[in-house]
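Heads up, the thing below is written out as structure tokens.
The values are calculated or read from the model by the stated rules, or taken from the named source; none is laboratory data. Predicted model, so just to flag it, every value in this text is computed and none were measured. Here the Cβ positions follow ideal geometry from the backbone for every residue, glycine too, while neighbour counts run over all protein chains shown. Heads up: the accessible areas ignore ligands, DNA and RNA and are worked out on the full protein's heavy atoms, side chains in. Shrake-Rupley method; radii C 1.70, N 1.55, O 1.52, S 1.80 Å.
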Amino acid sequence: EPDVTIVSGLKDLVVSEGDDVTFRCQVSHENARDVEWKLQDVALQNNEMNEISVEKGKIHTLTLRKVTEQDIGTVTFRVGPHTSTA
């Protein structure tokens, strides 16, 4: 299996409380396995507050809905041994 790398990393974003915010990270190969999103070192699951999806096979997205002050912190995207933070 090819080594999946990060082609385009996360960008720092500033958002107002109550708004939604979307982070995007592009990887080198489609159908990447061993992918993880974290907020402040806590692994995120796909649920009503966090929407995790893949666009066009290579662009992994994380949308945090109706953010609050508690959501301030570092977002991390990991694929295999590679990480990107914002």
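Of note:
- Region 6-85 - accessible surface per residue (Å², probe 1.4 Å): 64 Å²
- Local net charge near Leu64, Cβ-Cβ under 15 Å (Lys/Arg +1, Asp/Glu -1): -3
- Rough spin-label spacing in nm, given labels placed 7 Å along Cα→Cβ, for Asp19 and Val54: 3.0 nm
- Between the C-alpha center of region 67-86 and that of region 1-59 there is a gap of 8 Å.
- Simple Cβ-charge dipole of the chain, Lys/Arg +1 and Asp/Glu -1, about Cα centre, in debye nearest 20: 220 debye
- Relative contact order (%) - region 1-77, alpha-carbon pairs under 8 angstrom, separation at least six: 36 percent
- Unit charges on C-beta of K, R, D, E only; dipole of region 12-57, Debye: 240 debye
- Within straight-line reach of Lys38, meaning a Cα separation under 12 Å, sit the following aspartates and glutamates at least 8 residues removed in sequence or on another chain: Asp71.
- Carbon plus sulfur fraction of accessible area for the chain, probe 1.4 Å, in percent: 45 percent
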